[in-house]
Structures are given as C-alpha cells and as structure tokens.
Amino acid sequence: MNNIRIIGNNIKDAFKSVIRNFSLSLASISCITITLILVGVAMLLSLNVNNFTEDIEKDVTIVAFIERGTIEDDIKAIEKHIRSLANIDSITFLSNESIRKEMSSESDELASILEQYDSKTNPLLDEYLIKVVDVEKIGETAHQIEEIDKITSVRYGEGMVEELVKVFDIVKNITYIVVIGLAVVTVFLISNTIKITINNRKRQIEIMRLVGASNPYIKRPFFVEGIVLGFLGSIVPILVISWGYIYLYQKMGGVLFTKVITMVNPDKILFTLSLELVAMGVIVGAFGSSWAVRRHLKI
C-alpha cells in the first residue's frame, strides 16, 4: 500500500515538474511527438509492405505443363513426384478441357476462337498449378519440377518474382533501421533535455541529500518524469497516424495505385499500433531520463 502511495506521489510530482519546466518539457514532448509520427509512418509502411509481400507470395504459382497424350497413370505419378518435393504447399490439376472452357468464358473473342476445337483437337496442354512454401526458393523448386519426366515446361514469372522479393526485403529492412535510428535519436534528445532539468534543480537535489534521501529516491522522480513525457508525447502521433491512415484508406478505397496492392484494414492494425507507440514513447522517455541521471547526475 505504501509503495502504491509513493508511486502515486511520484506521478503527481512528475506532472508538476512538467508544468514547472514547461519550455523544457515542451521541447522533450515535441521531440517525442515528431519522432513517433515518423516511426508510426515507417511502421505503417512496413505493415503494408509485409501484407503486400504475403499477398504476392500467396498468388505466386508455378505452372507445370504436361506432355500431350500423357496417360492418366503417368499424370498421377507426376503429381506424386511433385508432392514429394520439399518446398511444395499445394498442387492443383487442370485438364486442357477445363482450361479451354475457362478461357472461353473470359471473352467472346476467345470463345469464338476456341469453339472450333473439341476434346480431341484441343491445342491446350494439361497442367499443374503449384504453390510453394518459400517463395525465395521458387526457382530451385521450378527446376526440380521441370526435370520430372513428361513435364514439357515450367513457368512462374522467372526473374521478376525473385526481384520483387528482394525489393520488398530491402524496404522492410530500411523501415526497421529507420525505426531503430529514430528511437536512438529520441533517447539522446530526451537525455539532454533531462540533463538541463537536472542542472536547474541541483539545489533541490543537494537539499534532498542533506536530509538523508537515498540515491534511488532522488533518481525516481526523473525516471517517472521521463515516462510521463513519453506518454504525453505519444498522444498526438496516435491521433495523427490513426486519423491519417483511416482517411487515406477510405480515400484510396483500400488500394494503392492498383488493385494488386491492397492496404491493411485499419481495424486490424491501428489499436495494436497505438499501443506500440505508447509503449515506445514510455520506454524511450524512461530510458532517456535514466541515461541522463546516470551519466550527468553525480549522486
């Protein structure tokens, strides 16, 4: 009970200190606010890139064409062989007749061209649609499938898929670096601001020493003050990021530039993102103040 009362008093004192040192506190809060807005944008970008990457990975399909005239037993043997490969997620067989009907339904032009063929004269090949577990290994898997007897050729968007995966990995890594870099800069700025506050309160600290206050007791208010600054600094970023993303999502209809690039639904990410921004603000504020006290407060 006594500990709860002490914590409550520390929080009250922290808010009073923020008000007393308003200009310095405003500088710290502004640093945190600007940084967390940038961090929030980077996190939203990362989440959407991850979502887009996952969508692409789900849609990437290897098309394996089967030699014309292959009997049913051989087709089943091919499927068994493909399923035995390490990187296979799913496999679907399409007969040339089902492909012809599907293509005919897509447009009148195709229908008029394909209607002259029947099941015996159909020029299309039977095929397997194969999805893989790891898209980064799709080239290796496609090569293994192409080596199977009765497989005439394999297509999966050679070159383009690998390049897209590399680009998305680079974008994700850049966003991670940006988030970490901004957090470090914020810790440094808060540390310097707290240091100035400490220098302005040296007399108060000396009096606390004279009356026998312990080092943890003297340090605690600054630690709590850093948490308060971090919390206050996270409020505006949450509002800006949430409102801005919802507006953009509604304005763009949930897609970016093309229907292929879909945005993550705000309902799925904004609550968690808000909690993460609060946690980041509090942690950065607490760490920054602790660092300043430890390095610049000689007690």
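The values are calculated or read from the model by the stated rules, or taken from the named source; none is laboratory data. Note that the coordinates shown come from a computational prediction; the quantities given were computed from them, not determined experimentally. With ideal geometry, Cβ positions are generated from the backbone for all residues, glycine too; neighbour counts draw on all protein chains shown. Side chains included, ligands, DNA and RNA excluded: accessible areas come from the protein's heavy atoms. Shrake-Rupley method; radii C 1.70, N 1.55, O 1.52, S 1.80 Å.
Okay, here's what the table says:
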read-out	value
Residues satisfying the stated conditions in the stretch 31-42, i.e. open to solvent by 50 Å² or more (accessible area, probe 1.4 Å) and farther than 9 Å from Pro237 by Cα	Val41
Unmet requirement for Pro221, which otherwise passes all of (1) at pLDDT below 90; (2) part of a helix (DSSP H, G or I); (3) open to solvent by 70 Å² or more (accessible area, probe 1.4 Å)	(3)
Selection from the stretch 283-296 of residues that are open to solvent by 40 Å² or more (accessible area, probe 1.4 Å) and at pLDDT 75 or above	Ile283, Phe287
Residue count, the stretch 236-253 (criterion: exposed (fewer than 14 other Cβ atoms within 10 Å of the Cβ), without any contact (Cβ under 8 Å) to a residue 24 or more places away in the chain and of a type outside the set (S, T, N, Q))	6
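Here is a yes/no grid of residues against (1) within 26 Å of the chain's Cα centre (by Cα); (2) in a helix (DSSP H, G or I); (3) hydrophobic (A, V, I, L, M, F, W, C); (4) modelled with pLDDT under 75:
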{"residue": "Thr141", "(1), (2), (3), (4)": "no, yes, no, no"}
{"residue": "Asp149", "(1), (2), (3), (4)": "no, no, no, no"}
{"residue": "Leu164", "(1), (2), (3), (4)": "yes, yes, yes, yes"}
{"residue": "Ile174", "(1), (2), (3), (4)": "yes, yes, yes, no"}
{"residue": "Val178", "(1), (2), (3), (4)": "yes, yes, yes, no"}
{"residue": "Val185", "(1), (2), (3), (4)": "yes, yes, yes, no"}
{"residue": "Ile194", "(1), (2), (3), (4)": "no, yes, yes, yes"}
{"residue": "Asn199", "(1), (2), (3), (4)": "no, yes, no, yes"}
